[in-house]
1. If we scan region 99-113, do we find a residue that is within 20 Å of V206 (Cα to Cα) and assigned to a loop (DSSP other than H, G, I, E, B)?
2. Take T166 and decide whether it is under 18 Å from the mean Cα position of the chain (by Cα) and under 23 Å from D33 (Cβ atoms).
3. With respect to D114, determine if the residue is in contact with a Leu (Cβ under 6 Å, 6 or more places away or on another chain) and surrounded by fewer than 18 Cβ atoms within 10 Å (Cβ to Cβ).
4. Return the pairs, sorted by first residue and then second, in which the second residue is open to solvent by less than 30 Å² (accessible area, probe 1.4 Å) and within 7 Å of the ligand (Cβ to nearest atom), the first residue lies in region 40-67 and is without any contact (Cβ under 8 Å) to a residue 12 or more places away in the chain and hydroxyl-bearing (S, T, Y), the beta carbons are less than 6 Å apart, and the residues are 6+ apart or on different chains.
5. Can you tell me which residue in region 62-91 is least open to solvent (accessible area, probe 1.4 Å), limited to those that are more than 10 Å from the ligand (Cβ to nearest atom) and part of a loop (DSSP other than H, G, I, E, B)?
6. Can you confirm whether E94 is outside any helix (DSSP H, G or I), open to solvent by 30 Å² or more (accessible area, probe 1.4 Å) and not hydrophobic (A, V, I, L, M, F, W, C)?
Amino acid sequence: MRIVLLGAPGAGKGTVAKSLTEFDGSVQISTGDILRNAVKAGSELGKKAKGYMERGELVPDDLIMDIMEVRMKEPDCQKGFLLDGFPRTIPQAEALKKLLDKIGMKLDAAINLDVPTDVILDRLTTRRTCSNPDCQEIYNVKSNPPTADGKCRKCGTDVIQRADETEEAIGNRLKTYQDKTAPLIVYYEKAGLLKNFLSLNSRETVENVKIALKGA
Ligand code: ADP
């Protein structure tokens, strides 16, 4: 399957993407993870992206397209892909279409995870992430806490609050989502690719998405 996952920050795109790739063998491509790893590694890309990310703003489209051009031509994408956090703007969606045309591929669906704003806000402020770049397990201080001393239950590394998960950055991310990313829902609806899911529980959403994709 070749899928784009849409949804506000904290809608659960990462969790849903992970479960879906286990189901059909496609590869999950998260621009957020690629960028965070670049920041951690201190690469040129990381240096350029860091400020935007910490403020909760989008990284410029041309930088994102440079990353995606390279990534989508890698051999593992032949089996299918789930794009998690990309495209985030109309120009990115248009550039993606051009890129896919060029490499002879077509999207099967754009899956939108629809989550009420109050739920999103609660999730983002209580979310914690494993700081090991090879793990990045997601925790929640209320529903799925790390160990009592704040370590990852999978790999034992410190679990932290991301720099872009302060109240101010979260406000910016949600506004950016409304202004720049939400218009993609209409964009993909017009393209006949949109599948919308009210998503309050990731496990249920994964089951519903699987059923919808089987019927596609
Ligand atoms: P979330 O969806 O929880 O906001 P992500 O992990 O997808 O987080 O992204 C984190 C940050 O990385 C974003 O706030 C943004 O600065 C940057 N980013 C990720 N993907 C893109 C993209 N496609 N275009 C522009 N910026 C991006």
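1. Yes, some residue in region 99-113 is within 20 Å of V206 (Cα to Cα) and assigned to a loop (DSSP other than H, G, I, E, B).
2. No, not satisfied.
3. Here the answer is yes, as D114 does meet what is asked.
4. Y52/V59
5. G80
6. No, not satisfied.
The values are calculated or read from the model by the stated rules, or taken from the named source; none is laboratory data. What you are looking at is a predicted structure, and each value in this text was computed from that prediction instead of being measured. Positions of Cβ are backbone-derived with ideal geometry, glycine not excepted, and every protein chain shown enters the neighbour counts. Only protein heavy atoms, including side chains, enter the accessible area calculation; ligands, DNA and RNA are left aside. Shrake-Rupley method; radii C 1.70, N 1.55, O 1.52, S 1.80 Å.
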